[in-house]
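K.L.:
What follows is a single structure, and I will ask about it in a moment.
The values are calculated or read from the model by the stated rules, or taken from the named source; none is laboratory data. Note that this is a predicted model, so its numbers are computed, not measured. Cβ placement follows ideal geometry from the backbone for every residue including glycine, while neighbour counts extend to all protein chains displayed. For accessibility, only protein heavy atoms count, side chains too; no ligands or nucleic acids. Shrake-Rupley method; radii C 1.70, N 1.55, O 1.52, S 1.80 Å.
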Amino acid sequence: MNKLNGIHLAHNKGTKKCETIDFPLPKSVIIPMSQHMGAPCDSLVKKGDEVTVGQKIGDSGAFMSAPIHSSVSGKVSDVTDYLLPNGSVCKAVVIETDGLQTVCPDLRPPVINDRQSLIAAVRDCGLTGLGGAGFPTHVKLNYDPAKTPVDTLVINAAECEPYITSDYRELMENPNDIIEGILLVQKYMGIPMCKVCIENNKPDAIELMKEKTAEISSIDIVTLPSEYPQGAEKVIVYSATGRIVAEGELPSHQGVMVMNVSTVSHIYRYSQDGIPLVKRRITFDGDAVTENKGNYFVPIGTRVSELLSHGKAEDAKKILYGGPMMGMCLYDTEQPVTKTTNAILAFRKGELPKTTACIRCGKCVRTCPFGLMPLMIEKAYNAKDVEELKKLKVMLCMNCGCCSYACPAHRPLAEINQLAKGLIPRK
Amino acid sequence: MNGLFVSPSPHRATTMSTTKIMLMVIIALLPSAAAGCVFFGANAAIVLAVCISSCVVFEYLSRIIMKREQTISDLSAVVTGLLLGMNLPATTPIYVAIIGSFIAIVIVKQLFGGIGQNFANPAIAARVVLMLSFADSMTSWVVPYWYSDVVDVTTGATPLTASWINYTESGEAYKMAPFTLGEMLWGETGGCIGETCAVALIAGGVFLIVTGIISAATPVAFIGSFALLTFIYTGSAVETVYGVLAGGLLIGAFFMATDYATTPVTTKGKIIFGIGCGLMTFIIRNFGSFPEGVSFAILLMNLLTPYIDKLTLTTPFGAKKPVKAEKTTGKE
């Protein structure tokens, strides 16, 4: 088995010892109707409506979507247009909190007794991947077992991005929820084997999980080397099972389903208390945060400005949703925490080193986990040579950023790869 | 608006830079350059200084005339000047050194777009032009320590031109190495300023390999293929070792055949490049009309680099291949 390329980064996991605490309830939240890939939801509430915690406020008839629930109790003060970080516009529900956090009286633990009821429950929960990419979880579960039977559930607890410790805290704080969640998914999806994959920079989490699963033969704890991007889907499938998810395939084509560790434990908690995804754990860190760094349970829709003032981060020049390698910049501190936000990082410095000419050192080729040739892709992109771009397989790029990171000329290679993808006509 | 900085990911970058890479190459070359100055005296130091300063000046002026961003701070012109100087005899006239710098920087490098864009290694191309244009001064070799009074003869043979044939008193011919192995390793032989001290060159090359600046693939393939061919041809391990240590092979294999811009990107490509260089050097040294072939070999392989690159593209992880890829190539 060949080792995939990657890079070694400073871990900066300074918040790993920070136990998760509840973030103070904000006065108001703004909940976008589009929080992940797929169709946006339609707002089910209007200005002036009273809402409660867990009440469904957005849904869509589209397959690729998940319903959205209110994270607070209070009054809808506005349904407004909201500019998403990716440049498109959706509706967002603004709710003034009443401070009571009254739970929606209709919420009941779901009845799960087969595959279909599990998938339906996961959809009702509004669950999306909590690792960052945010694929709606019920869509992932809804593969066709006749066409693509899945024999291995890979639980992604690699957390290879620097700074972020939210999945690590889940491992340390809720190991039983994780295991129950895995067993639940295994039972109703009929998946015989599960591999929980953890990077070796979290030895205590590995030990704890090994101890907890010692008696369970269907769950394996796999120790992975700490090398970015170990937690990328295709990389972790390969590291855990040796299977290669080829071009145009989903992991299920190789008999694998990958699920984030916090996602799987949330399935279990929902099965017990019936409270949908209305708050999540985030890591709050970065050199601009002068106090109260740590891990917080934050109501979905909490404005990042609330976090910044909690952390006295007045000097923040660059604020990220997620980690420094794949995280997305906030354009405004009034943007909220969403279902896919696993960290808010605030940094004093925004600029990267100046770009100089390519010297063809080949570092980008030697660090690309998929063996792509970013320097050639850049040339082909500049020449708008679509055939060459197809030949160079630019569509395989997962935007992990290793090439840009490693480039001594500091060329924005990962960005160019994404732009190059746009030149290739979709089938 | 609110002073936030927005940019696409990643938001971290390596501390490595082009300037630092060039600095490492300069550090790796210094021991050999210093040895050259010890063996060949102040003249050697002057040639090196003239090459470096004229390369930097030519680069500076080119960028101004071409209205391009100034690039002398990336130190690549210093590397070119140093390499060019190290590939010249210590007695090279100053004006020849300046012409060489002009060819290297202006014609080979800047006219093709500057750093990373040149089709051939500037120092090598300049050396080859000088060798063909100023054959006399480019092939007159002073002996080590010629500047001290002790030695009468100031010019002599190099390890590549000296004859291995000796005669006994009774007139029988026998083969004997013209230099001792110690002289070969330390570089106390005739030759270009920076090419004779094998120990310093190997140390510099290993430093660059260990620090990850260059890949071991090229020098191993270059030296290995040359040594193998020489051993097959001569049948003598001694002659093979002397062949490797002689002339510009080591400086070529470690410092010129590993130039990023003019050699293939992938390891497979680097191995092909190295073997090509080794083969060409062997052929020119043994069957050509020049005693040395390293420069010509590298120059020729530089020209083949775009084709080697095209033939040695990587196979991406999980890529559906090769039926489709071949079909598209066929259509073109």
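Conditions (1) surrounded by fewer than 21 Cβ atoms within 10 Å (Cβ to Cβ); (2) on the phi < 0 side of the Ramachandran plot; (3) part of a loop (DSSP other than H, G, I, E, B), marked per residue:
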site: A:Asn2; (1), (2), (3): yes, yes, yes
site: A:Cys18; (1), (2), (3): yes, yes, yes
site: A:Ile31; (1), (2), (3): no, yes, no
site: A:Ile57; (1), (2), (3): no, yes, no
site: A:Thr80; (1), (2), (3): yes, yes, no
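K.L.:
Applying the selection to the range A:319-342, what residues are open to solvent by 30 Å² or more (accessible area, probe 1.4 Å) and either more than 8 Å from chain B (Cβ to nearest Cβ) or not aromatic (Phe, Trp, Tyr) (or both)?
P.N.:
A:Tyr321, A:Met326, A:Met328, A:Asp332, A:Thr333, A:Glu334
K.L.:
Could you tell me how many of the residues in the range A:214-264 are among the polar types (S, T, N, Q), assigned to a helix (DSSP H, G or I) and within 28 Å of A:Leu392 (Cβ to Cβ)? Lay out the reasoning, then the answer.
P.N.:
From the range A:214-264, those among the polar types (S, T, N, Q) are A:217-218, A:223, A:226, A:230, A:239, A:241, A:252, A:254, A:260, A:262-263; that's our starting set.
Checking the rest, the ones that are also assigned to a helix (DSSP H, G or I) come to A:239, A:241, A:252, A:254, A:262-263.
Subset that is within 28 Å of A:Leu392 (Cβ to Cβ): A:239, A:241, A:252, A:254.
Result for the range A:214-264: 4.
K.L.:
Go through the range A:272-309 and give me each residue that's surrounded by fewer than 20 Cβ atoms within 10 Å (Cβ to Cβ) and over 22 Å from A:Cys18 (Cβ atoms).
P.N.:
Residues satisfying the conditions are A:Gln272, A:Asp273, A:Gly274, A:Ile275.
K.L.:
Give the number of residues within the range A:343-361 that are open to solvent by less than 20 Å² (accessible area, probe 1.4 Å), in contact with a Lys or Arg (Cβ under 9 Å, 6 or more places away or on another chain) and either at pLDDT 95 or above or more than 8 Å from chain B (Cβ to nearest Cβ) (or both). Quick ask: steps written out before the conclusion?
P.N.:
Step one: of the range A:343-361, the residues open to solvent by less than 20 Å² (accessible area, probe 1.4 Å) are A:343-347, A:350, A:359, A:361.
Filter again for in contact with a Lys or Arg (Cβ under 9 Å, 6 or more places away or on another chain), leaving A:345-347, A:350.
Then drop every residue that is not either at pLDDT 95 or above or more than 8 Å from chain B (Cβ to nearest Cβ) (or both), which leaves A:345-347.
Final tally of qualifying residues: 3.
K.L.:
Tell me which residues, restricted to the range B:167-199, are open to solvent by 40 Å² or more (accessible area, probe 1.4 Å) and out of contact with any strand residue (DSSP E or B) (no Cβ under 7 Å at 6 or more places or on another chain).
P.N.:
Answer for the range B:167-199, where residues must be open to solvent by 40 Å² or more (accessible area, probe 1.4 Å) and out of contact with any strand residue (DSSP E or B) (no Cβ under 7 Å at 6 or more places or on another chain): B:Glu169, B:Ser170, B:Gly171, B:Glu172, B:Pro178, B:Thr180, B:Leu181, B:Glu183, B:Leu185, B:Trp186, B:Glu188, B:Val199.
K.L.:
Report, by residue number, each residue of the range A:248-270 that is within 14 Å of another protein chain (Cβ to nearest Cβ), in contact with a helix residue (DSSP H, G or I) (Cβ under 6 Å, 6 or more places away or on another chain) and not aliphatic (A, V, I, L, M).
P.N.:
Within the range A:248-270, just A:Pro251 meets the criteria.
K.L.:
If you don't mind, there's one more thing I want to ask. For a quick check of your reading: which helices (runs of 4 or more DSSP H) sit entirely within the range B:195-277 and have at least 2 residues that are in contact with a Leu (Cβ under 6 Å, 6 or more places away or on another chain)? Please lay out each step first, then the result.
P.N.:
Working: elements: B:198-210, B:217-234, B:237-245.
Once the helices (runs of 4 or more DSSP H) in the range B:195-277 are filtered for at least 2 residues that are in contact with a Leu (Cβ under 6 Å, 6 or more places away or on another chain), what remains is B:198-210.
K.L.:
State which residue pairs qualify: first residue without any contact (Cβ under 8 Å) to a residue 24 or more places away in the chain and inside the range A:1-25, second residue assigned to a loop (DSSP other than H, G, I, E, B) in any location, beta carbons under 9 Å apart, and separation of 6 or more residues or different chains.
P.N.:
Matching pairs, first to second residue: A:Asn2/B:Phe317; A:Lys3/A:Pro225; A:Lys3/A:Glu227; A:Lys17/A:Thr165.
K.L.:
Just checking, how many residues over the range A:414-427 are open to solvent by 10 Å² or more (accessible area, probe 1.4 Å) and either part of a helix (DSSP H, G or I) or at the interface with chain B (Cβ under 9 Å from one of its Cβ atoms) (or both)? It would help to see each step written out before you state the result.
P.N.:
Step one: list which residues in the range A:414-427 are open to solvent by 10 Å² or more (accessible area, probe 1.4 Å), which gives A:415-416, A:418-419, A:421-427.
Subsequent filtering for residues that are either part of a helix (DSSP H, G or I) or at the interface with chain B (Cβ under 9 Å from one of its Cβ atoms) (or both) retains A:415-416, A:418-419, A:421-423.
Matching residues across the range A:414-427 total 7.
K.L.:
From the residues in the range A:368-406 that are in a loop (DSSP other than H, G, I, E, B) and over 14 Å from A:Asn5 (Cβ atoms), which one is farthest from the other protein chains (Cβ to nearest Cβ)?
P.N.:
The residue in question is A:Lys384.
K.L.:
Restricting to the range A:35-54, what's the tally of residues that are farther than 16 Å from A:Val103 by Cα and acidic (Asp, Glu)?
P.N.:
Qualifying residue count for the region: 1.
K.L.:
Hey, another quick one. What residue, of A:Leu372, A:Leu352, A:Leu423, is closer than 29 Å to B:Thr218 by Cα and of a type in the set (A, V, I, L, M, F, W, C)? Working first, answer last.
P.N.:
Details: A:Leu352 fails: closer than 29 Å to B:Thr218 by Cα; A:Leu423 fails: closer than 29 Å to B:Thr218 by Cα.
Every option except A:Leu372 fails the conditions.
K.L.:
Mind checking which residues of the range B:98-131 are closer than 15 Å to B:Asp259 by Cβ, assigned to a loop (DSSP other than H, G, I, E, B) and over 18 Å from the mean Cα position of the chain (by Cα)? Spell out the reasoning first.
P.N.:
In the first step, residues of the range B:98-131 are kept if they are closer than 15 Å to B:Asp259 by Cβ; the result is B:104-105, B:108-109, B:112, B:114-128.
Filter once more, keeping what is assigned to a loop (DSSP other than H, G, I, E, B): B:114-121.
Within the range B:98-131, B:Gly114 is the sole residue that qualifies.
K.L.:
As an exercise: evaluate A:Glu378 against (1) open to solvent by 60 Å² or more (accessible area, probe 1.4 Å); (2) of a type in the set (Asp, Glu); (3) modelled with pLDDT of 95 or more and give the number of the one condition it does not meet.
P.N.:
Only one criterion in (1) open to solvent by 60 Å² or more (accessible area, probe 1.4 Å); (2) of a type in the set (Asp, Glu); (3) modelled with pLDDT of 95 or more is unmet by A:Glu378, namely (1).
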